[in-house]
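The values are calculated or read from the model by the stated rules, or taken from the named source; none is laboratory data. Just so it is clear, the structure is predicted and the values come from calculations on it, not from any experiment. A quick note on method: Cβ atoms are made from the backbone with ideal geometry, for glycine too, and the neighbour counts reach across all protein chains shown.
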Amino acid sequence: MKRLFSILALLLLFCSSSSAASKSELKRMSVFISNFTELDLYNFDSSSISMGELIYFGIHHNYINNSSLIKHVENSDNYDSSISAKNVAASVRKYFDKSVTHKDAEYNYKDGKYYFYAADGVPTEAKVREFSREGKVITMKGELCRYNAEEDKDEVVGEFTATAKPHKWNGKDTWAILSLKSKLYEEKL
């Protein structure tokens, strides 16, 4: 009987620790996908994404998540902020595993910097609810949420399916996005 209880205790311990690891991994995946949805990038395939979209991501990802890299620009009618092209390229490499060809897309590019107007909005957060692996491709599925200030809670505004591959960036394990497909519930927006 003692042996049966010992086996059950070990099984319970194993199940709880693997479930905690899954919650941690779901959280990491949610943060990863939110890096795209907070910029209103809901539907794309990284194999056909344009250079302009990659530059947009690199600039605005840093504006939201790495504000210390953004410099205020005075006395210009065309822009109010700048960021080093090197930092834009690093973000694109980290999240897409792609190189950037620096150019003047929708942004002014000169002297190794992109110049742009800074703007804030209401970010959409991704919450990964389930994932699966097939070979090196991870498929993540979940909900898109926005904070509803009136009700002081997150409101589900859509759903998504994303694919990514394992990727090393600056010696750390992460993912490179392959695709993101979303369905937004129009009545919630």
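Looking across region 122-158, the residues that are modelled with pLDDT of 90 or more and part of a loop (DSSP other than H, G, I, E, B) come down to THR124, GLY135, LYS136. Looking at LYS172, LYS181, LYS165, just one residue is in contact with a Lys or Arg (Cβ under 8 Å, 6 or more places away or on another chain) and among the basic types (Lys, Arg), and that residue is LYS165.
Specify the residue that is surrounded by the fewest Cβ atoms within 10 Å (Cβ to Cβ); the eligible residues are those in region 108-141 that are of a type in the set (Ser, Thr, Tyr) and touching a residue at least 40 places away in the same chain (Cβ under 8 Å). Top of the filtered list is TYR115.
Please work out which residue is nearest to LEU178 (Cα to Cα), limiting yourself to region 140-155 and to residues that are among the hydrophobic types (A, V, I, L, M, F, W, C) and touching a helix residue (DSSP H, G or I) at 6+ places or on another chain (Cβ under 7 Å). Steps first, answer last, please.
Within region 140-155, the first condition is being among the hydrophobic types (A, V, I, L, M, F, W, C), and the residues that meet it are 140, 144-145, 149.
When the remaining residues are screened for being touching a helix residue (DSSP H, G or I) at 6+ places or on another chain (Cβ under 7 Å), the result is 140, 144.
Working: MET140: 11, LEU144: 18 Å.
Only one residue tops the list, namely MET140.
Elements of the type strands (runs of 3 or more DSSP E) sitting completely within region 58-121 and holding at least 2 residues that are modelled with pLDDT under 90 and not aromatic (Phe, Trp, Tyr): these cover 108-110. Taking the criterion of being in contact with a Leu (Cβ under 8 Å, 6 or more places away or on another chain) and either assigned to a loop (DSSP other than H, G, I, E, B) or modelled with pLDDT under 95 (or both), would at least one residue in region 23-42 satisfy it? Yes, region 23-42 has at least one match. In region 61-80, the residues that are on the phi < 0 side of the Ramachandran plot reach residues that are in a helix (DSSP H, G or I) and among the hydrophobic types (A, V, I, L, M, F, W, C) with C-beta atoms within less than 6 angstrom, at least six apart or across chains, in these pairs: ASN62/LEU69.
Rundown of residues vs (1) touching a strand residue (DSSP E or B) at 6+ places or on another chain (Cβ under 6 Å); (2) over 17 Å from ASN43 (Cα atoms); (3) of a type outside the set (Gly, Ala, Ser), yes/no style:
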position	(1), (2), (3)
VAL128	yes, no, yes
PHE131	yes, yes, yes
LYS136	yes, yes, yes
THR174	yes, yes, yes
SER179	yes, no, no
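Annotation: of all residues in region 43-57 being over 19 Å from LYS165 (Cβ atoms) and hydrophobic (A, V, I, L, M, F, W, C), the one that is modelled with the highest pLDDT is ILE55.
Among the residues that make up region 163-174, is at least one of them in contact with a Leu (Cβ under 8 Å, 6 or more places away or on another chain) and over 30 Å from SER84 (Cα atoms)?
Step one: filter region 163-174 for residues in contact with a Leu (Cβ under 8 Å, 6 or more places away or on another chain), giving 163-165.
Of the ones still in play, those that are also over 30 Å from SER84 (Cα atoms) are none.
Within region 163-174, none of the residues are in contact with a Leu (Cβ under 8 Å, 6 or more places away or on another chain) and over 30 Å from SER84 (Cα atoms).
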